[in-house]
Amino acid sequence: MIRHPAFTVDPWSIIESELDLGILATTESLFALSNGHLGMRGNLDEGEPHGLPGTYLNSVYELRPLPYAEAGYGYPESGQTVVNVTNGKLIRLLVDAEPFDVRYGQLLSHRRELDLRAGVLRREVRWRSPSGAQVRVSSTRMVSLVERGVAAIHYEVEALEAPVRIVVQSELVANEALPPRPAEDPRVSAILEQPLVGEESLAWAGGGMLVHRVRRSGLLLAAAMEHGLDAPEGSEMSSECSADVARVTVISTLEPSKRLVLTKFLGYGWSAERSRPAIHDQARGMLQAARHTGWAGLLGAQREFLDKFWAGVDVEIDGDHEVQQAVRFSIFHVLQAGARAEGRPIAAKGLTGPGYDGHAFWDTEIYVLGLLGHSRPESVADALRWRHSTLPLARDRARQLGFSGAAFPWRTINGEECSAYWPAGTAAFHIGADIAYAVERYVRATGDQKFEEEIGLELLVETARLWHSIGHRHDGTFRIDGVTGPDEYSAVADNNVYTNLMAQLNLAVAAQACARHPDKAAALGVLDGETASWLDAARDMYIPFDQDLGVHPQAEGFTDHEVWDFARTHAGQYPLMLHFPYFDLYRKQVVKQADLVLAMYLRGDMFTTEQMVRNFDYYERITVRDSSLSACVQAVVAAETGHLELAYDYVGESSLLDLADLEHDTRDGLHVAALAGAWVALVEGLGGVRVEESRLVLRPRLPDTLRGLRFRLLYRGQRLQVEVRAGEARYRLLDGDGLSVWHYDTEVPLKSGMDERREIPPMELRTAPAQPMGRAPRSRRRRHRG
């Protein structure tokens, strides 16, 4: 997408200089606005044409049955699908009785810009109607990062050559018709027809409201709008409503160079528990708060919020304009996905589209919360509080499956398992250890002991109990059999290395946290003998190793499988899951996404340097990256094993995944975890950032073709800036009382406002391993650098 001729490379904006209807659905995802609670796809103001209309409220979903050819005990009975809620973006325009539609008349110019510093989407259009009337239409749209349920649109129409009579129709519309979706692709969402049932509709001077109930889930939601108008004398405004439409109409005549300015304020609210009057009042209250703040106030608050955010997280790249733009785009959308989620999940697509039915997966904890933990840690705490709130459901699921503790769902919206395919869903128990890892990482990065005691400890305890009941002892080792790791081209395997290493950490940190908070542990029913059994299991955890090959098998016996025939697999057959049966994939050595390599990234303490090198070389040759979650992990481990140019190639792939639509499914929404992966690849890969025990450790290194890297991050409430150049790293504490970091093995004390420089030790560079035929990442060395 970034290489489309309509797009220009800009360090702080995504700019589209002309409209291409062939990629409209994709640009709607790229230009989406969200705050983690309310999300709006980047649809055109007038609503049509569209690729995929979408307005979403976090966790507003519909229930749908999960069909099975053969039922089985423990299969989830009901799925959840995100609902396209009431659309408040719509502002239709008629010019001398002809509808403004970019498909008709003459589109003289069209420009859109997503401003990453201002947090707004701007649009400017010059259009000549079929009868020759010419107007300029401009709009600025925002979803407030400060006022959780608020959005606003500033809309202007200007007559250019002759007087025109215009009609502006600003609307709330529920139950929009959605285009058909390709049923064979599991990444897309189910189609819901007419999911919203009208509960209340009303109109008043300059405004209106719709209240609906989701048909099966019973959730209540409300959307309300009011308008400010600056128009020539004699303009008229009226309001009307029906069950699914509320409309405010403005009629005016514009002389040449005269403008009509309409400011639309939107308030949204929803609840699973509150009454219809309460939801009505919530939306109306949001609306009144927005009107009180005003358009200029909303813009100012948005800019202030983002200025503070970027001051603590910006990443600057010297030598690659494309990746510079892409990484800021990525960070911005990760912020949008989690900024105001507050007790709700961060979905795989955020609130940018309906892909994956709006479900949250394990990748939130592993990828997204790492970035947010060093930029907006309160959002991490909120995301983990949501997991904590679903503990009763997770305990019930564990009991249903015959285990102790809590079994969290592989994919969900409300905390219940929604995967109808148990080998890749229920069997992926590593989600519990991923949540525990996120808890432990958050506490290490923030020092938030209160959170650990009140929220984190119970999550650690219940997941540890699950592992102790799933695993069993054999020949002096603790084994975990019949589980599925992160790689979705393998399933139901014994002793998946990633799962066992993450479970090992889960068991150990749970016992350690109980020792730090003995009273709370006792209240959770934890006895000394129980924590001792966790530590014993962690100590004896079985980690398979292939002595003949000198590598770790992804799971026990994996390296004995036949290797996939990559030479006979052509480019059109990727992703493999859409062209080959899972039976064939499961019994071959072919890796969809980093699994053993992910274990080396997260549990590098458990591998020697030689093992890291040999493992990476082995798995590079069989990893096809049919998942958006793989490139960033491969970037990190490539950097650690001396393949710096390959690492940067993976940086490029990870950061450009949505902007270049590399997976060919950006139309369904952005890949939030992969967006976070762009930061992971740069900051934890090339920047070498790790939090080890209570130390912030940095092992930076750069490929020769990159001139410099500078990034900022938060650690324990203090803001650090790191600048990496060839052979040297410079550390600066931007604010704080004083902080010690570790540059490789050397402690570096920092005082606020002072620089400390350290030489980067030389690294043994190795010949890069080959990837499967046709699956090598695109080389950044061949791209222009400015």
Going by a ≥ b ≥ c, the root eigenvalues of the Cα gyration tensor, does the range 666-706 fall in the rounded group (a/c under 1.5), the prolate group (a/b larger than b/c) or the oblate group?
-> oblate
Gained length - residue 474 relative to residue 272, 0.36 nm times residue gap less alpha-carbon distance = 68.0 nm
Could you calculate the contour length gain from residue 258 to residue 773, that is, 0.36 nm times the residue separation minus the distance between their Cα atoms, to one decimal place in nm?
-> 179.3 nm
Probe 1.4 Å, protein heavy atoms only - accessible area per residue of the range 246-364 in square angstrom = 31
With a point put 7 Å past each Cα toward its Cβ, work out how far residue 758 is from residue 560 in nm, to one decimal.
-> 4.6
So which GluC sites (Glu not before Pro) in the range 236-336 are both in a DSSP loop and have at most 10 other Cβ atoms within 10 Å of their Cβ?
-> 273
Among the listed pairs 520/751; 89/258; 308/450; 264/308; 89/592, those beyond 32 Å (Cα-Cα) | 520/751; 89/592
Per-residue accessible area for residue 212 at 1.4 Å probe radius, Å² rounded to 10?
-> 0
Quick one: grab the alpha carbon gyration tensor of the range 667-786, order the square roots of its eigenvalues as a ≥ b ≥ c, and give me rounded if a/c is under 1.5, else prolate or oblate depending on whether a/b is larger than b/c.
-> prolate
Give, as a single signed number, the net charge of other residues whose beta carbon lies under 14 Å from the beta carbon of residue 310, with Lys and Arg counted +1 and Asp and Glu -1.
-> +3
Roughly speaking, what is the centre-to-centre gap between the range 125-180 and the range 1-63 when only Cα atoms are used, to the nearest Å?
-> 15
Measure nothing but the geometry: give the 0 to 90° angle between the long axis through the Cα atoms of 430-446 and the longest principal axis through the Cα atoms of the chain, rounded to 10°.
-> 80
Once you list every other residue whose beta carbon is under 11 Å from the beta carbon of residue 688, what net charge do they have if Lys and Arg are +1 and Asp and Glu are -1?
-> +1
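Around residue 324, with a cut-off of 9 angstrom between Cβ atoms, what is the net charge of the other residues, counting Lys and Arg +1 and Asp and Glu -1?
Its environment carries a net charge of -3.
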The range 270-342: which trypsin sites (Lys or Arg not before Pro) are DSSP loop and have at most 14 other beta-carbon atoms within 10 angstrom?
-> 274
Measure off 7 Å from each Cα along the Cα-to-Cβ vector at residue 697 and residue 199, then give the distance between these two points in nanometres to one decimal.
-> 5.3
How far, in nm, would the chain grow between residue 98 and residue 610 when pulled straight, counting 0.36 nm per residue and subtracting the alpha carbon separation?
-> 177.2 nm
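The values are calculated or read from the model by the stated rules, or taken from the named source; none is laboratory data. Because the structure is predicted, anything quoted here is derived from the model rather than measured. Here Cβ is always computed from backbone atoms with ideal geometry, including for glycine, and neighbour counts include all displayed protein chains. Ligands, DNA and RNA are excluded from the accessible area calculation, which covers all protein heavy atoms including side chains. Shrake-Rupley method; radii C 1.70, N 1.55, O 1.52, S 1.80 Å.
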